[in-house]
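These notes concern the structure reproduced below.
The values are calculated or read from the model by the stated rules, or taken from the named source; none is laboratory data. Everything numeric in this text was worked out from a predicted model, so none of it was measured. We place every Cβ from the backbone using ideal geometry, glycine too, and count neighbours over all the protein chains shown. Keep in mind that these areas ignore ligands, DNA and RNA; they rest on the heavy atoms of the full protein, side chains included. Shrake-Rupley method; radii C 1.70, N 1.55, O 1.52, S 1.80 Å.
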Amino acid sequence: MTLVAGSQDGQLDPDSSGARITRLEQEDAPAELPQGMETPLGLLRFEATLATGRSSQTFSLYLDPALGVGGYWARDSAGNWVHLSSAPYGGKVASEGGRLRLDFEIADGGPFDADGQANGVITAPGVAARMPLSLVGQAPDAVAGLWF
């Protein structure tokens, strides 16, 4: 697993120089995942500092395709799980150099920044996960929603 800050389609974005991953931890998957969601890596919690003058940051997460994941999900401030590496959220899932690349963007202080503050630091727990096709687009349940 490799996480890159300031990535645009797998390449370093010159406008994002200065963006840095300051912490990356792998934890047990949360108990309140949507039904059917499988997280072979558990929860990934990271912190990143933004590049100067930026209010959001782009990321690329590189994984072994044998994990079978289909995207990167994060919980928004309302408790819904959202597929950030999907086109509706400006993300992308791609293959690069024999590895799976999950691209996504998080706004500082936005709904996916866990500290909720526009302070130049993004705190972002999320999961690289696979979902059975029959569950794609399911409505939110009482615990957590899933949105694509």
Take residue 36 and decide whether it is open to solvent by 20 Å² or more (accessible area, probe 1.4 Å) and either under 19 Å from residue 116 (Cα atoms) or of a type in the set (Gly, Ala, Ser) (or both).
-> yes
Those residues of the range 43-67 that are assigned to a loop (DSSP other than H, G, I, E, B), of a type outside the set (S, T, N, Q) and open to solvent by 60 Å² or more (accessible area, probe 1.4 Å) come to a total of 3
Members of the range 5-23 that are open to solvent by 40 Å² or more (accessible area, probe 1.4 Å) and either assigned to a strand (DSSP E or B) or in contact with a helix residue (DSSP H, G or I) (Cβ under 8 Å, 6 or more places away or on another chain) (or both) | 8, 11, 12, 20, 21, 22, 23
Exactly one of 128, 124, 107 is surrounded by fewer than 17 Cβ atoms within 10 Å (Cβ to Cβ), at pLDDT 90 or above, within 22 Å of residue 11 (Cα to Cα) and in contact with a strand residue (DSSP E or B) (Cβ under 7 Å, 6 or more places away or on another chain), and that one is 107
May I ask you to list the residues in the range 68-104 that are open to solvent by less than 10 Å² (accessible area, probe 1.4 Å), of a type in the set (A, V, I, L, M) and not in a strand (DSSP E or B)?
-> 84
Residues (under 10 Å from the mean Cα position of the chain (by Cα) and either at pLDDT below 95 or not polar (S, T, N, Q) (or both)) located in the range 68-85 | 71, 72, 73, 74, 75, 82, 83, 84
Give 34, 40 a once-over and let me know the one that is out of contact with any Asp or Glu (no Cβ under 9 Å at 6 or more places or on another chain) and touching a residue at least 60 places away in the same chain (Cβ under 8 Å).
-> 40
